[in-house]
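Enquirer: Dropping a structure here in structure tokens format, bear with me for questions.
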Amino acid sequence: MSENNFDVTVLGGGPGGYHAAIRTAQLGLKTAIIEKDDGSGIAGLGGVCLNWGCIPSKSLLKNAELVNQIKDSEKWGISFDNVSFDFSKAITRSRDVSKQLTQGIEYLIKKNKIQLFKDEGFLESSTEISLKSSGEKISSKNIILATGARPRSLPNLEIDGKGIITSREALELKSLPKAIGIIGAGAIGVEFAYLFNAYGVEVTIFEAQDHLVPNEDESISQELEKIFKAQGIKFELNARVLNTKGSDGGMEIEYEINGEQKNYSAEKLLMAVGVQANTDGLGLEKAGIELDRGFVKINDLMQTSSLGVFAVGDVTGKLMLAHVAFTQGVIAAETISGLECTPINYSDMPRCTYCQPQIASIGLTEKQAKEEGYNIKVSQFPFMAVGKAIAVGDSEGFVKMIADKESGELLGAHMIGPEVTEMIAEVGLLKYLEGTDIEIAELTHAHPTLSEAVKEAALSLNNGAIHM
Ligand code: NAD
């Protein structure tokens, strides 16, 4: 084989791409990965997640949590003189965290003897890729597309990176605005709302649907709304943002609630209304790759409509979460290697949001379970009845479970409260092992732990909760 001939070439080094590349290399395939340089000398390995998404935002959210705890310190008998919060240092720390992790990915790429091209690639056919800067050509028996997605604009609300920003610019703001309007109350919207509010910015969220985090179980949305209100975060629901114009020193938006037109102005607007796939300029048509509503169409094994070409991660428009991309990447790699893979049940993928209170869910919401015709039993167990939650001063929220009435199959779990993003894994394992409410209810959970809420919620399904 000449140097630029590979068994597998992965286009894009984000969560889906690097997982796929490492797994094919582990399985003995000659692998290349193409990722364009982000200007720092390190290719943008790690993708949006490590560079401009999950990781730096979690670093900043930890700051926000600390700030709120410090504001509340009297309650703990701790007082400070002249306490101040330097947002720019929080940003610097989050950039350092990102850098450390992206360097770690570059190390893993080298260790697995994967050839890294720091360039922009596009398809010439289903087996050939050209590189933009170097002009090199790569031949590959298989190609995995993992080019991700980017924030989407709305008509009349073009992102300019100054007055109208995305999470990308928000993650390196040098100074904080006095007020910010956040358009969209999905994960990005509510996470940044919590962050900015902690640092004293006046936050107003505009959400087109009737709830914050509208994809979650309705009870979770209502609990978040109650807690956000108490934190001082404002929000307008059923509010469709229509238009914007720059005004002196800020932005003005027009929005509509139930046919009534309203205005709002703030120094900045953060767009968080979802993403669009990075498919433009990739040469997909040359390889006969079909799209579905702008995303690359795939089957259960991540195969596109073009033989030998696979796609993973946000570019597929499935459930757009980094850990889903990880799993998709491994399935693509193992399928290429001839291994048998189990298709993903996207509904059973955990979903986590990291504002405070945190939100975590898996499986069906109560509404979905009813729509699917299940005869269900439902429980809800509050953290107020969990000793550890009271001891650590974090007892808002609850764990809700939905199970099939006859079989006890756990159909969904929905949590809001302290550390629930860590606790959802237990329910994921139960669902993976096709367990029922009985197993989780019988399992002894250490005391005192927050996870006792999971056991008690499962017990509640059969009226067996001890602390209620
Ligand atoms: P999203 O799709 O989760 O939420 C967008 C929200 O914007 C929706 O609730 C929608 O109803 C609302 N909206 C759309 N048009 C509107 C309008 N004109 N006016 C007002 N509201 C409008 O998208 P996101 O929050 O931008 O996140 C992008 C992607 O990144 C998602 O796939 C998300 O799951 C992922 N993400 C995940 C996490 C996490 O898992 N913690 C964190 C950040 C981002």
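The values are calculated or read from the model by the stated rules, or taken from the named source; none is laboratory data. Just so it is clear, the model here is predicted, and its values are computed rather than measured. Quick reminder, even Gly has a Cβ in these numbers, built from the backbone with ideal geometry, and neighbours come from all protein chains shown. Side chains included, ligands, DNA and RNA excluded: accessible areas come from the protein's heavy atoms. Shrake-Rupley method; radii C 1.70, N 1.55, O 1.52, S 1.80 Å.
Enquirer: So in the stretch 332-348, with the set limited to residues that are assigned to a helix (DSSP H, G or I) and out of contact with any strand residue (DSSP E or B) (no Cβ under 9 Å at 6 or more places or on another chain), which one is least open to solvent (accessible area, probe 1.4 Å)?
Expert: Among residues in the stretch 332-348 that are assigned to a helix (DSSP H, G or I) and out of contact with any strand residue (DSSP E or B) (no Cβ under 9 Å at 6 or more places or on another chain), the one least open to solvent (accessible area, probe 1.4 Å) is E334.
Results for (1) away from the ligand (no atom under 14 Å from the Cβ); (2) within 25 Å of R150 (Cβ to Cβ), shown as yes or no for each residue.
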position	(1), (2)
I188	no, yes
A198	yes, no
I205	no, yes
D210	no, no
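Enquirer: Which is at pLDDT 90 or above and open to solvent by 20 Å² or more (accessible area, probe 1.4 Å), of I34, I22? Working first, answer last.
Expert: On the way: I34 fails: open to solvent by 20 Å² or more (accessible area, probe 1.4 Å).
After ruling out the rest, the residue left standing is I22.
Enquirer: Can you give me the number of residues within the stretch 303-330 that are of a type in the set (S, T, Y), within 15 Å of the chain's Cα centre (by Cα) and not in a helix (DSSP H, G or I)?
Expert: Qualifying residue count, the stretch 303-330: 0.
Enquirer: Within 14 Å of the ligand (Cβ to nearest atom) and surrounded by fewer than 17 Cβ atoms within 10 Å (Cβ to Cβ) - does that describe any residue in the stretch 280-293?
Expert: Yes, there is a match, as at least one residue in the stretch 280-293 is within 14 Å of the ligand (Cβ to nearest atom) and surrounded by fewer than 17 Cβ atoms within 10 Å (Cβ to Cβ).
Enquirer: Another one. Filter the stretch 151-160 for residues that are in contact (Cβ under 8 Å) with a residue 12 or more places away in the chain and open to solvent by 80 Å² or more (accessible area, probe 1.4 Å); which is farthest from the ligand (Cβ to nearest atom)? Spell out the reasoning first.
Expert: The first filter runs over the stretch 151-160 and keeps only residues in contact (Cβ under 8 Å) with a residue 12 or more places away in the chain, leaving 151-154, 156-157, 159.
From the residues that got through so far, the ones that are open to solvent by 80 Å² or more (accessible area, probe 1.4 Å) too are 152, 156.
Values: R152: 8, N156: 10 Å.
Per the criteria, the residue is N156.
Enquirer: If you don't mind, another one. If we only count strands (runs of 3 or more DSSP E) wholly inside the stretch 214-269, which ones have 2 or more residues that are under 30 Å from K370 (Cα atoms)?
Expert: 234-236, 239-247
Enquirer: Being free of Cβ contacts under 8 Å to residues at least 12 places away in the same chain and either assigned to a strand (DSSP E or B) or not assigned by TED's automatic domain parsing to the domain that holds K58 (or both) is the requirement here; does I402 meet it?
Expert: No: the conditions fail for I402.
Enquirer: Which of the residues that make up the stretch 381-395 are open to solvent by 60 Å² or more (accessible area, probe 1.4 Å) and either β-branched (V, I, T) or in contact with a strand residue (DSSP E or B) (Cβ under 6 Å, 6 or more places away or on another chain) (or both)?
Expert: Answer for the stretch 381-395, where residues must be open to solvent by 60 Å² or more (accessible area, probe 1.4 Å) and either β-branched (V, I, T) or in contact with a strand residue (DSSP E or B) (Cβ under 6 Å, 6 or more places away or on another chain) (or both): I390, V392.
Enquirer: Give me a count of the residues in the stretch 189-212 that are assigned to a loop (DSSP other than H, G, I, E, B) and either aromatic (F, W, Y) or surrounded by 24 or more Cβ atoms within 10 Å (Cβ to Cβ) (or both).
Expert: 3
Enquirer: Filter the stretch 174-186 for residues that are at pLDDT 95 or above and away from the ligand (no atom under 14 Å from the Cβ) and give the result.
Expert: If the condition is that a residue be at pLDDT 95 or above and away from the ligand (no atom under 14 Å from the Cβ), then L176, P177, K178, A179, I180 are the ones that fit.
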